[in-house]
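Each remark here refers to the structure printed beneath this line.
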Ligand code: ATP
Ligand code: MG
């Protein structure tokens with residue numbers, strides 16, 4: 001039974017808003033997600049809408065599951081049947097049902113990011129292009145951007161020679177996908193839009209069905225998703241979207257917060273509702289977050305207040321280096337836990353790039369503090385997990401060339417590069433896919449008309465693999481369950497012997513296989529298709545175990561969207577990390593970096609720790625870091641400084657600093673001149689052991705150490721600590 005008393009007046013207005021288009025624009029923690037969930041419950045219970053006439057779109061599968069649980073607890077079984085999931089999951093569902101209208105079968109596979117890269121690479125190679133000139137990652141990004149803007153290979157704009165080449169790779173990539181009966185993530189959306197545009201009767205069927213469409217995190221929708229919403233809402237026009245422009249952080253994936261403006265233009269009669277009370281954070285956290293975001297231009301300033309009290313100031317900690325940064329995080333968490341005022345799961349540590357997690361993990365391990373790392377790669381990127389998924393995908397769809405290439409020689413059975421080429425060529429000439437040919441060889445053996453095409457040495461491993469594949473497919477057709485199939489694959493390929501060599505690493509690999517097996521078991525009802533679909537669509541957040549237990553959470557700022565924690569640490573608040581170096585020259589990118597920090601800070605209920613390091617080791621040795629420019633925007637009254645640098649600045653006179661430096665500098669580095677005068681001078685030519693030759697731009701004494709700015713021919717501008725950098729004057 002839903003009870004609207006738990007909502008404030010604005011929230012209630014949103015939940016009970018009249019039919020039509022509703023746009024809820026509001027800051028973090030103001031209850032947008034809660035309102036959306038309550039709206040679904042309200043539609044079903046108070047308005048008598050049938051669940052299967054409702055489509056609700058969340059940003060992650062995890063968010064969808066949580067919403068499902070919440071609805072379950074509000075309505076019980078009456079909540080069954082709502083189409084609830086991410087855009088991708090909902091689209092996959094539609095495409096499977098409508099395969100007759102599509103250029104692929106309904107058992108299509110969804111290629112994950114690794115597979116997509118592999119296919120782009122293959123397309124580049126097949127076109128005899130140079131991978132160094134046409135880097136697969138950047139070509140893949142260009143293709144993805146095109147798809148997100150509804151651009152097919154045929155319409156790909158060609159203003160330069162490079163565009164022309166990209167277009168050709170895009171075409172080739174598409175045909176490789178289709179040969180494998182596969183789609184990529186972007187295709188899920190694009191193909192659904194095409195399906196609905198090209199087939200009015202299909203469009204009408206879905207548009208009639210979805211009387212109500214609700215979207216969370218609307219600011220991070222892209223153009224295709226927006227078009228999709230318009231198509232699906234074309235009959236009933238009941239669109240309920242919630243979002244916050246300031247939290248748009250997926251521009252790199254094509255998200256466009258201007259969809260909010262588009263929405264207002266396309267639906268001038270839409271009701272706009274603002275929520276102003278934040279229920280998550282203390283006022284201090286909110287004020288700090290606002291100081292950061294207010295610097296962004298072209299935004300609606302929002303007034304957010306909290307009744308949770310002013311709370312503690314944000315801690316700004318400067319560590320000596322990245323090891324001390326990780327140590328500070330772990331020590332502080334440990335202290336809180338020891339004090340009995342918090343438990344592990346109250347903490348989240350956030351960072352800009354995945355690579356930053358490694359030192360943190362090590363520090364957590366050393367301290368014996370439990371943690372969980374959010375990120376699809378950790379589990380799904382593992383070789384053994386990937387192998388098994390590819391076996392399963394091949395059983396499901398033998399046309400899947402990427403999976404075939406991956407596992408045909410796992411464990412090694414003597415299928416080399418040459419045999420692979422022969423297999424592909426023969427298949428193409430016979431108008432079959434490589435997988436179909438293998439199955440034929442496996443089933444018919446010498447009776448196969450293609451048997452004679454292969455050399456005596458290569459035919460055996462091919463028939464072996466073909467008969468395995470044929471056998472697995474037959475078993476599935478005869479009703480073998482998913483866990484049964486899983487075990488049979490392990491057995492037939494002697495996979496354990498292959499992966500587990502008795503070492504610790506081998507044992508861990510086998511554990512991962514067991515973990516995947518456990519997951520497969522959960523899908524014993526849904527079967528292979530549902531299992532594979534779920535795997536393909538996992539996003540970072542989805543790797544979070546439902547129950548946090550007592551572990552702290554380590555995650556990127558991107559993955560933190562929508563979540564909340566009592567204590568939030570954000571590390572790496574240095575120029576080049578946050579904001580990321582990549583965004584330096586682009587104001588739009590810079591604004592997005594700012595939003596990332598904003599999202600991070602606003603995850604906190606009680607306390608925020610902002611952490612940075614005075615110097616970090618890069619490829620060529622330690623480098624001095626500049627504090628993130630965003631730190632300058634925080635009013636002193638909201639922060640409490642801790643750590644190395646600050647103490648020195650506060651307590652030390654220049655004389656005492658010079659003395660201390662002299663005392664603590666190793667004697668072999670102590671030349672009296674080095675303390676007062678730089679050893680390097682502008683225009684000096686220098687050599688660095690890793691970066692080679694460069695020219696000194698500037699040099700100064702800072703904190704008793706000489707800091708040199710050098711422009712290297714190889715890597716460009718670097719700031720170095722002279723005593724550590726091993727620079728040689730030429
Ligand atoms: P974000 O922008 O970060 O996604 P949001 O606007 O979706 O945030 P929610 O996650 O829905 O906000 O709500 C934030 C927190 O406040 C949640 O813990 C939620 O349960 C709580 N909350 C929201 N509204 C109320 C209310 N009226 N009374 C009590 N708690 C509330
Ligand atoms: Mg939310």
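Report the relative contact order of the chain, percent, no decimals, based on alpha-carbon pairs under 8 angstrom and at least 6 residues apart.
Relative contact order comes out at 15 percent.
Describe numerically, in nm with one decimal, the distance between label points set 7 Å from Cα along Cα→Cβ at residue 271 and at residue 171.
5.2 nm
Taking neighbour Cβ counts within 10 Å as the exposure measure, how do 131, 401 sort from fewest upward?
Working: 131 12, 401 24.
Going from sparsest to densest Cβ surroundings: 131, 401.
Shape call for region 197-250 from the C-alpha gyration tensor, a ≥ b ≥ c root eigenvalues: rounded (a/c under 1.5), prolate (a/b greater than b/c) or oblate? Walk me through the numbers on the way to the answer.
On the way: a/c = 4.16, a/b = 1.91, b/c = 2.18.
Cα axes put region 197-250 in the oblate bin.
When the helices in the chain are scored as -39500 (n - 2.57) per DSSP H run of 4 or longer and the sum is shared across all residues, what 222 nm value do you end up with, to the nearest 500 deg cm²/dmol? Before the final figure, lay out each step's value.
On the way: 29 runs with 334 residues, N = 730.
One gets -14000 deg cm²/dmol as the mean residue ellipticity at 222 nm.
Over region 231-384, calculate the relative contact order: mean separation of alpha carbon pairs under 8 Å at least 6 apart, over the residue count, as a percent.
Numbers: 83 pairs, mean separation 23.5, N = 154.
Taking the mean separation of contacting Cα pairs over the length of region 231-384, I get 15 percent.
With each pseudo-label sitting 7 Å past Cα toward Cβ, what's the residue 687-residue 522 distance in nm, one decimal?
Placing both labels 7 Å beyond Cα along the Cβ direction yields 5.8 nm.
So if each residue of separation counts as 0.36 nm, and I subtract the Cα-Cα distance between residue 341 and residue 478, what length gain in nm does that give?
Details: separation 137, 0.36 × 137 = 49.32 nm, distance 5.71 nm.
Gain on extension, residue 341 to residue 478, equals 43.6 nm.
Sort 350, 67 so that the residue with the fewest other Cβ atoms within 10 Å of its own Cβ comes first and the one with the most comes last.
Details: 350 29, 67 23.
Listed from fewest to most nearby Cβ atoms, that is 67, 350.
Pull out a ≥ b ≥ c, the square roots of the eigenvalues of the alpha-carbon gyration tensor of the chain, then state rounded if a/c is under 1.5, prolate if not and a/b is larger than b/c, and oblate in the remaining case.
On the way: a/c = 1.82, a/b = 1.23, b/c = 1.48.
Judged from the Cα gyration tensor, the chain comes out oblate (a/c at least 1.5, b/c at or above a/b).
Quick one: if the Förster radius is 30 Å, what FRET efficiency do residue 208 and residue 154 give, using the C-beta to C-beta distance and rounding to 0.05? Display every interim value, and only then the final one.
Numbers: r = 31 Å, r/R0 = 1.04.
Efficiency computed from Cβ-Cβ geometry: 0.45.
Going by C-beta contacts inside 10 Å, put 328, 712 in order with the fewest on the left.
Ranking 328, 712 by Cβ neighbours within 10 Å, fewest first, gives 712, 328.
If a/c stays under 1.5 just call it rounded; otherwise compare a/b with b/c (prolate if a/b is bigger, oblate if not). Do that for region 109-180, with a ≥ b ≥ c from the square roots of the Cα gyration tensor eigenvalues.
Details: a/c = 1.56, a/b = 1.13, b/c = 1.38.
Oblate, since a/c reaches 1.5 and b/c is not below a/b.
Let's test the formula: R0 of 41 Å, r as the Cβ-Cβ distance of residue 4 and residue 137. What FRET efficiency results, to the nearest 0.05?
Values: r = 49 Å, r/R0 = 1.20.
After rounding to 0.05, the efficiency reads 0.25.
Compute the FRET efficiency between residue 698 and residue 117 as 1/(1 + (r/R0)^6), taking r as their Cβ-Cβ distance and R0 = 30 Å, and round to the nearest 0.05. Before the final figure, lay out each step's value.
Values: r = 41 Å, r/R0 = 1.35.
Plugging the Cβ-Cβ distance into 1/(1 + (r/R0)^6) gives 0.15.
Expressed in nm to one decimal, what extension gain is obtained for the pair residue 47 and residue 261 from 0.36 nm per residue of sequence separation less their Cα-Cα distance?
74.1 nm
Read-outs: derived from the displayed coordinates by stated rules, not from any lab. Just so it is clear, the structure is predicted and the values come from calculations on it, not from any experiment. In this analysis, Cβ positions are derived from the backbone assuming ideal geometry, glycine residues included, and neighbour counts consider all displayed protein chains.
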